[in-house]
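Everything on this sheet refers to the single structure shown next.
The values are calculated or read from the model by the stated rules, or taken from the named source; none is laboratory data. Keep in mind it's a predicted model, so treat the numbers as computed, not measured. A quick note on method: Cβ atoms are made from the backbone with ideal geometry, for glycine too, and the neighbour counts reach across all protein chains shown. Quick note on the areas: whole protein, heavy atoms, side chains included, nothing else; ligands and nucleic acids left out. Shrake-Rupley method; radii C 1.70, N 1.55, O 1.52, S 1.80 Å.
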Amino acid sequence: MILHLFDHIITNTSPDLVKIELDLYWIIKAGYDPIKYFEKYPGRFPLWHVKDMEAGSKNITEVGNGTIDFDKIFAARKIAGLEKWFVEQDVTKGNMFESIKSSHDYLSKKKFK
């Protein structure tokens, strides 16, 4: 239901005026493929929130410690229109600063640009 509203907003607004700040974790947790949305609405996703999904529980975990295929998603960054991405750690089982550093370090080594 939520993404049907999301589709409604995107299809009824100008691509020049309305862009989406997409949270990769939440769209995947909802059962949708972000790449399909990039392909369906190219250039509309300039901003991404990047966090990972723990195997089994599907809870938020540090980027690189979970199940989300960031290599595949970032390979579609041009069609998405990506300009900036943000490492995000809503919750953590440990020290929040160590968690965010772990995620940042993982993504920095990937050199996604």
- [ ] Inspect the stretch 16-24 for any residue being touching a residue at least 60 places away in the same chain (Cβ under 8 Å) and within 13 Å of the chain's Cα centre (by Cα) and give the result as yes or no.
- [x] yes
Open item on the list: Cβ-Cβ under 6 Å, sequence separation 6+ or interchain: first residue in the stretch 70-91 and surrounded by 12 or more Cβ atoms within 10 Å (Cβ to Cβ), partner among the aromatic types (Phe, Trp, Tyr). Which pairs?
Closed with: 74/112; 76/38; 79/38; 80/38; 80/45; 81/45; 85/48
- [ ] Looking only at the stretch 77-86, decide whether some residue is under 26 Å from residue 8 (Cβ atoms) and of a type in the set (Gly, Ala, Ser).
- [x] yes
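So, in the stretch 9-54, of the ones that are part of a strand (DSSP E or B) and either open to solvent by 80 Å² or more (accessible area, probe 1.4 Å) or of a type outside the set (Asp, Glu) (or both), which residue ends up nearest to residue 92 (Cα to Cα)? Let's see the steps before the verdict.
Filtering the stretch 9-54 for residues part of a strand (DSSP E or B) gives 21-23, 47-50, 52-53.
Of the ones still in play, those that are also either open to solvent by 80 Å² or more (accessible area, probe 1.4 Å) or of a type outside the set (Asp, Glu) (or both) are 21-22, 47-50, 53.
Values: 21: 22, 22: 21, 47: 23, 48: 20, 49: 16, 50: 14, 53: 12 Å.
Restricting to residues being part of a strand (DSSP E or B) and either open to solvent by 80 Å² or more (accessible area, probe 1.4 Å) or of a type outside the set (Asp, Glu) (or both), the top hit is 53.
Suppose we keep only residues that are part of a loop (DSSP other than H, G, I, E, B) and not polar (S, T, N, Q) within the stretch 88-113. Which one would you say is nearest to the chain's Cα centre (by Cα)?
My answer is 88.
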- [ ] Of the conditions (1) on the phi < 0 side of the Ramachandran plot; (2) open to solvent by 20 Å² or more (accessible area, probe 1.4 Å), residue 111 clears all except one; give me its number.
- [x] (1)
